[in-house]
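Presented below is the structure to which this report refers.
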Amino acid sequence: MANLTFIVFCPLVAAALIALLPRTFNVLFRLLALVATFLSLVGAVRVFLALDPGATGLQFEQQVPWIPALGMSYHVGVDGLNAGLLLMGTLVAFAAVCVSREITERQQLYYLLLLLMAGGLLGAFVAFDLFLFYVFHELALVPTFLLIGLWGRGEQRNFATFQITLYLSLGALIALAGLIALYVQAGAGTFNLPELTRQLAAQPLPAAAQTLIFGLLLFGFGILVSLWPFHTWAPTGYAAAPTAAAMLHAGVLKKFGLYGLIRVALPLLPAGAQSWMHLLAWLCLGNILYGGLVAMRQRDLNLLIGNSSVAHMGFAFLGIASLSVVGVTGAVVVMIAHGLLAALSFAVSGYLRQHLGTVNLDQLGGLLRAMPFLGGVMVMAMFAGCGLPGFANFPGEALTLFGAWNAHRTVVILAAWGALVIAAVYMLRAVRALWHGPLPERWREARDARGAWVRLPFVLLLGALVVFGCAPRLLTDPLRPVVARLVPAAVEPGATPVQAGPPAPGRAVETAVFTVRREVAR
Amino acid sequence: MSDVAVIGLELAVVLTGLGVLLADLWLAPAPRPRLALVTAAALGLILLASFWVPAEPARTAFGGMFVLDGLALFFKRFFLLAALLVTVLAREFAAGFEAGHVEYHALTCFALAGMMFAASAQHFALLFVAVELVTVTFYVLVSFQRRRRTALEAGAKYLILGALASAFLVYGVALVYAATGALDFAGVARSLAASAGNRLLVTGLLLVGVGLGFKIAAAPFHIWVPDVYQGAAFPTTAFLAVGSKAAGLVLLLRVLFEAAPELTARSGHLLPVLAGLTMGYGVLGAIPQQSLRRLMGYSSIANAGFLLVGLAARNVAGVEAVLFYLAGYLFAVLLVFLVATLVWGGAEGDDIAALGGLGQRAPALAAGLTLGAASLAGVPPLAGFWGKFLLLKAALQAGAEDPALYTLAAVTIVAAVVAIYYYFGLVRAAYWGEATGEARATTLTPLARAGLAACAVGVVGLGLWPAPVLAWARAAAAGLGF
């Protein structure tokens, strides 16, 4: 099962099966979706464990020609950079199917679309053909539109549906223009990423072309990741989306843009990267500070999570803007951590909305007494969001700040404030408003998440956050060699690579996983 | 004799039309509706037969007036497929016509013959005759529902503006002849190369361009489109959007790159500006539309703009993109019109709001509409996406020589995003629009199912395996002599 095609096509094949079944087999739709995403998850775990952390090349590679005339092929593979993302993606996809119990209408279409979306985003993370990479990402566009439109919530649903679709299409098309320009300018007649990398390493593009193309990629991908000031689609879109769609989109799909920047833009256009990084550093400050301040004012839990997710993306951008191995490594850790965190937060918020009918902070309170399990999960998620050590967000954010120190000192100082103070303020206020204080009479009968199946998605996501938080080397060790290759201009003279020192409790887990890896390698 | 062999496909089409017309006289009324199936089957056979016609080497007939090369063959297959699907559409629409069902199919065949001749034109006389054959047939087809006032209005508008365009066209041809003494494309190209800047000749060619711009619905010759599309019956609108536009386009390709390559090479910003205007007008006009056919009319203008991007690139990649774009466009447009026929039938109006609840009462139709609209919007992995992708690629390639193409690529991206807005509006109406009371129950005939399946397979298949059609498009485009 440690086969990338298997991981990607499990959901897609299940989607096709669901399409062929008669309309009344409601139980089977859910079962198929669960099985498919679970198999993908198992496959991704095995790939992650079997990964050789020291290798820089592609592993589990598969390549089949697709459109030879344009130099496109079905080319998938993993290395240290996307193995973690793939694991996170499958985990979130499985959790998203788990929490979809709340959907009772038109289940056939729902699971079909959800699986299409899951297959698309998993494919995007393992594709090593620029074109395949793009096509897989866009596979999720129509499902997102329909999922939000059909099962979405709130008065702004219609507006949010079109806003998110148009924004994402614009971003994707700008990025596509950048990718095509790269293809045309490189003149190699191939969309295959390793080949393009070789070609451009031998003959780099002229600096002016690099600057132009990098700009296209930066803003195209940036729109997809809600780079300030192109972020307004994210909070409204997520607030209107059904829980599973918000989890998949905020958690996984949104990372596509960052992944594209790290995988494509940085290594192929190093000179272009240099010329844009200063601007990016200041824009990401917009994400961190502005997103955080807006989050502070929200009275709707979904909008708060959505805005905080905009803020968290700022750290990933900051890591990229540092153009250093440490910073980019941090950015990837932030991507994974935030994927888990966003999925977890939206899952809790979705549960609250389903059982309480509202997620307005003014109407809630004291729920920790009625819902101790969910409350505990949410409080831990909020702590993770503030960047508390022990959760995966901490090493990620710390590494981005360390990495960016040399290049963007002012930004780092301001961002650190944003991270520590603003995030703490809105997260703690949300905790107080939701869980503490007197329990209103109407919520006295509120049901906590009971039963292993209901708790499973929360436990999985939180568990992954803690494991990667305590043992960040699981992620950073395989990342380092790959990132060092992708960010060639990175290592500044005199700067020593920061060793991501893991807290002591992580040692045991790490040792265990490395032992497993060695065993598998054998 | 050999001349007749070269135009065998066209002859077969004309004979099909005549045969159907005669059979209508002899047959009893009861089996007459089956003539639609006969027509479709005959067109299908001719389409199959076309694959035995070799594209290489190119053959000419009638003293070089007519050519059978890769480009011609590509378009002939395109037109045959379009007419085949339109016949299916017309069969499903039959209840909407009061009478003359068989005449409708015969006229479709005659228009098809005109389009197929257009694909092979090497001579301004053949160009004019082919265009007139198509246009005059469409005068009848547009107002075929003769009791519907909007259909009559559309027919009158199409007649007047079509006649105007024909006047431009024939005037242009006359000027070209006056300036060069030749009407064949090769001769005109030679004169153009010899006497660059002959104003009479340039004016003549520009007027020919105006006439063809009318056919493909390019701004500023698009005024007729929304009204005529709205008034005509669904099959006619579909055939106008696909067949008539492609016929104009193949003639434009031939004139631009065979009759006047030298003029095309120094046309400067004319084509990019026209492309940008057409796209912009189409997408902006489509936003507020309430009627499906009117929306498709504006979308047809926008698509003419997208196609012009490929011509504006003035390279082989651009022509290749145009050909592939048309192939994807054919399936997507016919899919949308097939769904529309099954939803509205011959009803007077076609309010998009009436799609409400389609996702519940007819999931197959809603899925078909979604596929068609998504492909038109250019969402991967559907056929329409490849068209837009290839066009962008061609424009960016050409940008190295003419930076105006970079601007045009930017306009294309913005227009594509706006297009997503109105196409997805259709999807929204089908899935979460308010169900209206008048919704008809829809039962699909086997023919309708087959048509829907064929178009859906075309849209998805061209998206997943574009390589074969891309190879055909490339071979066909290579014949234009870049």
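The values are calculated or read from the model by the stated rules, or taken from the named source; none is laboratory data. Quick caveat, the model's predicted, so the values are computed rather than measured. So basically every Cβ, Gly included, is an ideal-geometry build from the backbone, and we count neighbours across all protein chains shown.
So which of A:130, A:81 is modelled with pLDDT under 90, of a type in the set (A, V, I, L, M) and touching a Lys or Arg at 6+ places or on another chain (Cβ under 8 Å)? Quick ask: steps written out before the conclusion?
Details: A:130 fails: touching a Lys or Arg at 6+ places or on another chain (Cβ under 8 Å).
Testing whether each residue is modelled with pLDDT under 90, of a type in the set (A, V, I, L, M) and touching a Lys or Arg at 6+ places or on another chain (Cβ under 8 Å) leaves just A:81.
Whether any residue in the stretch A:146-158 is out of contact with any Gly (no Cβ under 7 Å at 6 or more places or on another chain) and within 29 Å of residue B:407 (Cβ to Cβ) is what I want to check.
no
Within the stretch A:58-80, can you find the residues that are in contact with a Leu (Cβ under 8 Å, 6 or more places away or on another chain) and either within 14 Å of chain B (Cβ to nearest Cβ) or surrounded by fewer than 24 Cβ atoms within 10 Å (Cβ to Cβ) (or both)? Before you say what the answer is, go through the steps one by one.
Here is the first cut: in the stretch A:58-80, the ones in contact with a Leu (Cβ under 8 Å, 6 or more places away or on another chain) are A:59-60, A:62, A:66-67, A:69-70, A:72-80.
Result: A:59, A:60, A:62, A:66, A:67, A:69, A:70, A:72, A:73, A:74, A:77.
Mind listing whichever residues of the stretch A:85-142 are in a helix (DSSP H, G or I), in contact with a strand residue (DSSP E or B) (Cβ under 8 Å, 6 or more places away or on another chain) and closer than 26 Å to residue A:396 by Cβ?
Selection gives A:86, A:123, A:126, A:133, A:136.
So which of B:332, B:362, B:340, B:312 ends up being aliphatic (A, V, I, L, M), surrounded by fewer than 24 Cβ atoms within 10 Å (Cβ to Cβ) and in contact (Cβ under 8 Å) with a residue 40 or more places away in the chain? Spell out how you get there, then give the answer.
Values: B:332 fails: surrounded by fewer than 24 Cβ atoms within 10 Å (Cβ to Cβ); B:340 fails: surrounded by fewer than 24 Cβ atoms within 10 Å (Cβ to Cβ); B:312 fails: surrounded by fewer than 24 Cβ atoms within 10 Å (Cβ to Cβ).
The unique qualifying residue is B:362.
Would you check if there is a residue in the stretch A:338-348 being assigned to a helix (DSSP H, G or I) and surrounded by fewer than 24 Cβ atoms within 10 Å (Cβ to Cβ)?
Within the stretch A:338-348, none of the residues are assigned to a helix (DSSP H, G or I) and surrounded by fewer than 24 Cβ atoms within 10 Å (Cβ to Cβ).
Give B:404, B:374, B:394 a once-over and let me know the one that is surrounded by fewer than 20 Cβ atoms within 10 Å (Cβ to Cβ), touching a helix residue (DSSP H, G or I) at 6+ places or on another chain (Cβ under 6 Å) and not acidic (Asp, Glu). If you could, list the steps in order and put the result at the bottom.
On the way: B:374 fails: surrounded by fewer than 20 Cβ atoms within 10 Å (Cβ to Cβ); B:394 fails: surrounded by fewer than 20 Cβ atoms within 10 Å (Cβ to Cβ).
Checking each option against the conditions leaves just B:404.
Considering each residue of the stretch B:419-456, count those that are at pLDDT 85 or above, more than 14 Å from chain A (Cβ to nearest Cβ) and out of contact with any Phe, Trp or Tyr (no Cβ under 6 Å at 6 or more places or on another chain), and give that number. I'd like the intermediate steps shown before the answer.
First, pick out the residues of the stretch B:419-456 that are at pLDDT 85 or above: B:419-431, B:445-456.
Subsequent filtering for residues that are more than 14 Å from chain A (Cβ to nearest Cβ) retains B:445-452, B:454-455.
Retained after the next criterion (residues that are out of contact with any Phe, Trp or Tyr (no Cβ under 6 Å at 6 or more places or on another chain)): B:445-452, B:454.
Going through the stretch B:419-456 one residue at a time, the tally reaches 9.
How many residues are over 29 Å from residue A:269 (Cα atoms), at the interface with another protein chain (Cβ under 10 Å from one of its Cβ atoms) and part of a helix (DSSP H, G or I) when one looks only at the stretch A:149-198?
Number satisfying all stated conditions: 7.
Being among the basic types (Lys, Arg) and farther than 18 Å from residue B:244 by Cβ is the filter; apply it to the stretch B:144-169 and report the residue that is surrounded by the most Cβ atoms within 10 Å (Cβ to Cβ). Show your work before the answer.
Keep residues of the stretch B:144-169 that are among the basic types (Lys, Arg), which gives B:146-149, B:157.
Cutting the leftovers down to farther than 18 Å from residue B:244 by Cβ gives us B:146-149.
Numbers: B:146: 14, B:147: 7, B:148: 20, B:149: 11.
That would be B:148.
In the stretch A:46-75, how many are β-branched (Val, Ile, Thr) and within 19 Å of the chain's Cα centre (by Cα)?
Filtering the stretch A:46-75 down to residues β-branched (Val, Ile, Thr) leaves A:47, A:56, A:64, A:67.
Retained after the next criterion (residues that are within 19 Å of the chain's Cα centre (by Cα)): A:47.
The total comes to 1.
Of all residues being more than 14 Å from chain B (Cβ to nearest Cβ) and among the β-branched types (Val, Ile, Thr) in the stretch A:212-242, which is surrounded by the fewest Cβ atoms within 10 Å (Cβ to Cβ)? Just the residue, please.
Among them, the one singled out is A:232.
Got a number for residues in the stretch B:25-47 being in a helix (DSSP H, G or I) and exposed (fewer than 11 other Cβ atoms within 10 Å of the Cβ)?
The initial filter retains those residues of the stretch B:25-47 that are in a helix (DSSP H, G or I), namely B:25-26, B:32-47.
Cutting the leftovers down to exposed (fewer than 11 other Cβ atoms within 10 Å of the Cβ) gives us B:25-26.
Of the residues in the stretch B:25-47, 2 are in a helix (DSSP H, G or I) and exposed (fewer than 11 other Cβ atoms within 10 Å of the Cβ).
Do you know which residues across the stretch A:463-477 are surrounded by 22 or more Cβ atoms within 10 Å (Cβ to Cβ) and not polar (S, T, N, Q)?
Residues of the stretch A:463-477 surrounded by 22 or more Cβ atoms within 10 Å (Cβ to Cβ): A:464-465, A:468-476.
Hits for the stretch A:463-477 are A:464, A:465, A:468, A:469, A:470, A:471, A:472, A:473, A:474, A:475.
Just wondering, is there one or more residues in the stretch B:401-418 that are within 10 Å of chain A (Cβ to nearest Cβ), closer than 29 Å to residue B:84 by Cα and of a type in the set (Val, Ile, Thr)?
No, there is no match, as no residue in the stretch B:401-418 is within 10 Å of chain A (Cβ to nearest Cβ), closer than 29 Å to residue B:84 by Cα and of a type in the set (Val, Ile, Thr).
Out of all the residues in the stretch A:419-444, which are farther than 27 Å from residue A:294 by Cα and free of Cβ contacts under 8 Å to residues at least 12 places away in the same chain?
Across the stretch A:419-444, the qualifying residues are A:441, A:442.
Consider residue B:85 carefully, then state whether it is modelled with pLDDT of 90 or more, closer than 19 Å to residue B:333 by Cβ and in a helix (DSSP H, G or I).
On the way: modelled with pLDDT of 90 or more: yes; closer than 19 Å to residue B:333 by Cβ: yes; in a helix (DSSP H, G or I): yes.
Taking the combined requirement at face value, the residue satisfies it.
Among the residues of the stretch B:87-105, count how many are over 16 Å from the mean Cα position of the chain (by Cα) and surrounded by 24 or more Cβ atoms within 10 Å (Cβ to Cβ). I'd like the intermediate steps shown before the answer.
The initial filter retains those residues of the stretch B:87-105 that are over 16 Å from the mean Cα position of the chain (by Cα), namely B:88, B:90-105.
Imposing the further condition that a residue be surrounded by 24 or more Cβ atoms within 10 Å (Cβ to Cβ) reduces the set to B:88, B:90-91, B:93, B:104-105.
Going through the stretch B:87-105 one residue at a time, the tally reaches 6.
Could you list, ordered by first residue, the pairs with Cβ atoms under 7 Å in which the first is in the stretch B:247-273 and farther than 17 Å from residue B:64 by Cβ and the second is assigned to a helix (DSSP H, G or I) and among the charged types (D, E, K, R), at least 6 apart or interchain?
B:247/B:215; B:248/B:215
Determine which single condition residue A:92 fails, assuming it passes every other condition in (1) surrounded by fewer than 24 Cβ atoms within 10 Å (Cβ to Cβ); (2) at pLDDT 85 or above; (3) in contact with a helix residue (DSSP H, G or I) (Cβ under 6 Å, 6 or more places away or on another chain); (4) more than 14 Å from chain B (Cβ to nearest Cβ).
(1)
Any residue in the stretch B:428-440 that is within 20 Å of residue A:136 (Cβ to Cβ), touching a Ser or Thr at 6+ places or on another chain (Cβ under 8 Å) and buried (at least 19 other Cβ atoms within 10 Å of the Cβ)? Lay out the reasoning, then the answer.
Just the residues of the stretch B:428-440 that are within 20 Å of residue A:136 (Cβ to Cβ), to begin with: none.
Checking the stretch B:428-440: not a single residue is within 20 Å of residue A:136 (Cβ to Cβ), touching a Ser or Thr at 6+ places or on another chain (Cβ under 8 Å) and buried (at least 19 other Cβ atoms within 10 Å of the Cβ).
If residue A:248 meets every condition in (1) under 21 Å from residue A:156 (Cβ atoms); (2) touching a Lys or Arg at 6+ places or on another chain (Cβ under 8 Å); (3) in a helix (DSSP H, G or I) apart from one, which number is that one?
(2)
Does residue A:124 meet the test of being crowded, with 24+ Cβ neighbours inside 10 Å and within 12 Å of chain B (Cβ to nearest Cβ)? Don't jump to the end; show me each part of the working.
Details: crowded, with 24+ Cβ neighbours inside 10 Å: yes; within 12 Å of chain B (Cβ to nearest Cβ): yes.
Criteria met by residue A:124.
Within the set of pairs 6+ apart or on separate chains, which have a first residue in the stretch B:370-390 that is at the interface with chain A (Cβ under 10 Å from one of its Cβ atoms), a second that is basic (Lys, Arg), and C-beta atoms under 6 Å apart?
Going by the 6 Å Cβ cut-off, the qualifying pairs are B:378/B:388.
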